[in-house]
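Visitor: To start, I am sharing the structure in question, which I have written as structure tokens.
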Amino acid sequence: MRRSDFVVTSTYGSLGSGTTNTDVVHQMVGDDNNFYVPDFYNDRIKKHSLNDLTYVSKYGSYGTATSSLNLPSGIFVDDTRLTVADSGNKRLVNLDKSTYAFVSSVSVNYNVSAPEAYILGNSKYKFLIYSRTNEQNLGLLDVILEKRNVSDDSLASSIKILPDGITMSS
């Protein structure tokens, strides 16, 4: 495929911090009426209408408090909650979907050098995937896939995926 094989049908917003802007998006998720965007460098979650892409609301600002976010990269939505991979604060944050009220959080072993996580899920489990590098960010150490219970974010199981040629010593 060549670049000329694709046609842009519409665009919305540009780089920045306004209501129609974002600054790096890793993942989006939707429900029946809206889609939610973790706006990585603006430290917020944005909600837009699926119907016409209009801005609806936002949550978050930079910080470490329960009402703050730091580099949100992944998001999961169910009927009542949003779960945000708050990468810079090394946690999963659960928010009430309609009010953005803080519900709970759980610590996750993100890497400081390259915080980035993605969340997929269903009605029973959330699947969190994130990578870790060494402190100097010189190379990938591993990728972690965690299976967590939707009800309380408890860890059901996890697996560590190592790069080719790398072995673990006990």
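Visitor: Using the Karplus equation 6.51 cos²θ - 1.76 cosθ + 1.60 (θ = phi - 60°), what ³J(HN,Hα) coupling, rounded to whole Hz, does each residue of the range 36-41 give in order, writing x for Gly and Pro?
Guide: Couplings: 10, 10, x, 8, 3, 7 Hz.
Visitor: Now for a different question. Name the shape class, rounded, prolate or oblate, that the alpha-carbon gyration tensor gives for the range 13-126, where a ≥ b ≥ c are the square roots of its eigenvalues, rounded holds for a/c under 1.5, and otherwise prolate holds if a/b is larger than b/c and oblate otherwise.
Guide: Values: a/c = 1.57, a/b = 1.14, b/c = 1.37.
The shape class here is oblate.
Visitor: With the contact rule set at Cα under 8 Å and sequence spacing of 6 or more, what percent relative contact order holds for the range 17-83?
Guide: Relative contact order comes out at 28 percent.
Visitor: Amide H neighbours of Leu71 under 5 Å, at least 5 residues apart or on other chains, H built in the peptide plane: list them.
Guide: Asp43, Gly88
Visitor: Whose amide H sits under 5 Å from the amide H of Arg91, counting only residues 5 or more places off or on another chain, with H placed in the peptide plane?
Guide: Here Asp86, Val108 satisfy the definition.
Visitor: Taking all protein chains in place and a 1.4 Å probe, what share, in percent, of the accessible surface of the range 41-105 do carbon and sulfur account for?
Guide: Using a 1.4 Å probe with all protein chains present, the range 41-105 comes out at 49 percent carbon and sulfur.
Visitor: Let me ask something else about it. Tell me the per residue accessible area of the range 35-75 using a 1.4 Å probe; a whole number in Å² is fine.
Guide: 41 Å²
The values are calculated or read from the model by the stated rules, or taken from the named source; none is laboratory data. On a predicted model such as this, the values are computed, not experimentally measured, just so you know. With ligands, DNA and RNA removed, areas are computed over all heavy atoms of the protein, side chains included. Shrake-Rupley method; radii C 1.70, N 1.55, O 1.52, S 1.80 Å.
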